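Computed from the coordinates by the stated procedures, all read-outs in this text should not be read as laboratory data. Given the structure is predicted, the values throughout are model-derived calculations rather than measurements. Cβ sites come from the backbone with ideal geometry, for glycine too, and all protein chains shown count toward neighbours.
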């Protein structure tokens, strides 16, 4: 029983990272109706920038973390404001292909600037290790869970209780009507990308002490985040978190009781099953248009 509980806890920690990656997809989709396949590279950038500043340049870890999240947010806003928003074609497939191209460009630039070595980052501060019998929650894992809870609560407040959050949703659902009301869809899109990139950078920084920072981490984390967003219900922040936790726990169980070599296949098999049984996702309500 102890080993099973330890596997579940490990899955929850990993699932929290997937959940934050999924939130990035959800935020951008809610504001622009676009699936941003460069989202995984935001996580990669958060990790490699943190490693470069904290271990390479000697910045204090809190300062390096703030700079990494800020820099990643800036990259997200530039991607939307100077690339996607300037595209002559508004065809969804064209924009999706642009995000894929941006992902490849970001990965290449990261390898040139930060190198191709695997970089490790020290754990964040002193956090007590929680022991339940022989089962424990690692210090960095506790940080990850607490940050996901804080981010989820902040997003709930933004979308449910603030005029700006409601304006972001209105700008994506009825752009012309929103513009007549003084809501600028271009501005909300840039802010949504910056917010999604910042959360992604934070997630990448949080996982760096566990999985290291590497320029190729983005595609892996991005695909898992996309799977989590779709499983939970694309466009639903709660669904993104639930989908991430579900994918993480399923992966951990399959690695613990079957083989770690099958965990990725099983997680994507879960995505396929959910799409067949419930195309809108576990918590989603709207049908997503194919692109």
Cα pair distances of region 15-70 binned at 10 Å [whole percent] | 24, 40, 28, 9, 0
Most packed first (mean Cβ within 10 Å per residue), the peptides 6-16, 232-242, 104-114, 74-84 order as 232-242, 6-16, 74-84, 104-114
Rh (Kirkwood, all Cα-Cα pairs) for region 135-174, Å, reads 11.9 Å
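Rank these for me by crowding, 136, 215, going from fewest to most other beta carbons within 10 Å. Walk me through the numbers on the way to the answer.
Working: 136 16, 215 24.
Neighbour counts put them in this order, fewest first: 136, 215.
If the convex hull of the alpha-carbon atoms of region 135-262 is projected onto planes in all directions, what is the mean projected area in square nanometres? Mind dumping the intermediate values first?
Numbers: hull surface 37.5 nm².
Over all viewing directions, region 135-262 projects a mean Cα-hull area of 9.4 nm².
Using Cα-Cα distances under 8 Å and only pairs 6 or more residues apart, what relative contact order does the chain have, in percent? Don't skip to the answer; put the middle values down first.
Values: 517 pairs, mean separation 107.9, N = 291.
Dividing the mean separation by the residue count of the chain yields 37 percent.
What does the helix-only formula give at 222 nm for the chain: each DSSP H stretch with n ≥ 4 adding -39500 (n - 2.57), the total divided by the residues, and the result rounded to the nearest 500 deg cm²/dmol?
On the way: 11 runs with 204 residues, N = 291.
Rounded to the nearest 500, the figure is -24000 deg cm²/dmol.
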Here region 189-288 gives, from Cα atoms, an Rg and Dmax in Å of 14.3, 44
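Would you please report the Å³ per residue occupied by the convex hull of the alpha carbon atoms in the chain?
Details: hull volume 38.8 nm³, N = 291.
Normalising the Cα hull of the chain by residue number yields 133 Å³.
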